[in-house]
Amino acid sequence: LWRYLYTSGNPGLSFMVAALPQQYVRVKELLESVETFKHVGRLMKRSTKQGQKATKISHIYDIGCGHGLVAMLCAASFPHIAVHAIDLIPRDSFQAQREAFVSTGTSLSNLSFEAGDLSILRNRIESSSDGYDGGEHSLLLCVHGCKSLTHDSIEMAIRHEWAWLSLPCCLQAKNHISEKTSLKVTDETRFAMLCGAIVAKYEPETITTIDPRITGRGIVIASTGKEK
């Protein structure tokens, strides 16, 4: 596990985990976060449409961040980018992981936590004149967001021409298919079909997966957005 973490693209992660109190060392969360971050890294490196110069990301928003490790990996790996972890309440594991990073030499000074939901971004965009909806380009992450958060976050990103990456989780059929359609299929098939509905509606640039041995909800849907 240590070797896997050390070669994950952020060597500081292995030292953070070594310093983390044992009750917060959760292997499934670690593996999911590392594999998700790898997809974020690929998205950051990809060029915009038709081979144009890659768009510079200035803000990363991790909506429904949970334990926050994906946001922390982004902050540690891209110190020039402001990373905003957003969730209804901060988890104890968020603070524990942040303190462990700092204690092992990774400051995460570009990472902030904000208590709330997507309305934080809506309000900021509506009231801001400092570039949130201007010349800056953002990346909106939604990793295993609950219920409508997946498609709400994608729609916000598309509306503002931001890059976005989503790992759908507990999708509700009413948000993606007609109420006239009755899904009498297995949970695995239902999930795949609803992800397909998301892809058909929002036309992402890439659809990839995380190893199913790590997570049963490993479909990764992403787009670089458009250059302002």
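The values are calculated or read from the model by the stated rules, or taken from the named source; none is laboratory data. Everything numeric here is computed off the predicted structure, so don't read it as measured data. Heads up, the Cβs are rebuilt from the backbone with ideal geometry, glycines too, and the neighbour counts pull from every protein chain shown. We work out accessible area using only protein heavy atoms, side chains counted, and drop any ligands, DNA or RNA first. Shrake-Rupley method; radii C 1.70, N 1.55, O 1.52, S 1.80 Å.
Return the long-range amide H neighbours of Y61 (sequence gap of 5 or more, or a different chain), with a cut-off of under 5 Å between placed amide H atoms.
H84, L139, L140, L141
Is it possible to state the helix-based mean residue ellipticity at 222 nm for the chain, with each DSSP H run of 4+ residues giving -39500 (n - 2.57), the sum divided by total residues, to the nearest 500 deg cm²/dmol? What is it?
-12000 deg cm²/dmol
Placing unit charges on C-beta atoms (Lys and Arg positive, Asp and Glu negative, everything else neutral), compute the dipole magnitude of segment 175-228 about its Cα centre in debye, rounded to 20.
Values: 8 positive and 7 negative charges, 27 e Å.
Dipole about the Cα centre, nearest 20: 120 debye.
About the Cα centre of segment 85-219, how large is the charge dipole given +1 on each Lys and Arg Cβ and -1 on each Asp and Glu Cβ? Please answer in debye to the nearest 20. Mind showing how you got there, number by number?
On the way: 13 positive and 18 negative charges, 121 e Å.
Dipole size: approximately 580 debye.
Points 7 angstrom from Cα along the Cβ direction at Q23 and R3: gap in nanometres?
That separation, rounded to one decimal, is 3.3 nm.
Please give the charge dipole size of the chain, origin at the Cα centre, charges +1 on K and R Cβ atoms and -1 on D and E Cβ atoms. Round to the nearest 20 debye.
Using only the charged Cβ atoms, the result is roughly 580 debye.
Using 0.36 nm per residue, how much length does the chain from K174 to H80 gain when fully extended, once their Cα-Cα distance is taken away?
Fully extending the segment from K174 to H80 adds 29.9 nm.
For the chain, what relative contact order do you get, as a whole percent, if you take Cα pairs closer than 8 Å and at least 6 residues apart?
20 percent
Of L13, S109, H80, whose Cα points farthest to the positive end of the dipole of the chain (charges on the beta-carbon: +1 Lys, Arg; -1 Asp, Glu; origin at the Cα centre)?
So the residue furthest toward the plus end is L13.
Can you tell which of L88, L111, L165 shows the greatest fluctuation in a Gaussian network model of the chain with Cα springs below 10 Å?
Of L88, L111, L165, the most mobile in the Gaussian network model is L88.
Looking at Q95, A173, L69, which one has the Cα that reaches farthest to the positive end of the dipole of the chain (charges on Cβ: Lys, Arg +1; Asp, Glu -1)?
A173
Report the Cα centroid-to-centroid distance between segment 1-50 and segment 164-219 in angstrom, as an integer.
Measuring centre to centre over Cα atoms gives 24 Å.
At R0 = 22 Å, how high is the FRET efficiency between E126 and V199 if r is their beta carbon distance? Nearest 0.05 is fine.
Computed FRET efficiency for E126 and V199 comes out at 0.15.
Report, to the nearest whole %, how much of the accessible area of segment 80-228 belongs to carbon and sulfur atoms, 1.4 Å probe, protein only.
Carbon and sulfur atoms account for 50 percent of the accessible area of segment 80-228.
Send over a whole-number figure in Å² for the accessible area per residue of the chain, probe 1.4 Å.
Solvent-accessible surface per residue comes out at 50 Å².
How large is ³J(HN,Hα), in whole Hz, for each residue of segment 57-64 in order, when computed from phi with the Karplus curve 6.51 cos²θ - 1.76 cosθ + 1.60 and θ = phi - 60°, using x for Gly and Pro?
Whole-Hz 3J(HN,Hα) from phi for segment 57-64: 8, 10, 9, 10, 10, 9, 8, x.
In nm, to one decimal, how far is the K38 label point from the K147 one, both placed 7 Å along Cα→Cβ?
My value for the distance between the label points is 3.4 nm.
Of K174/K201; K45/K147; K28/K174; K28/K147, which pairs sit farther than 25 Å apart, going by alpha carbon to alpha carbon?
K45/K147; K28/K174
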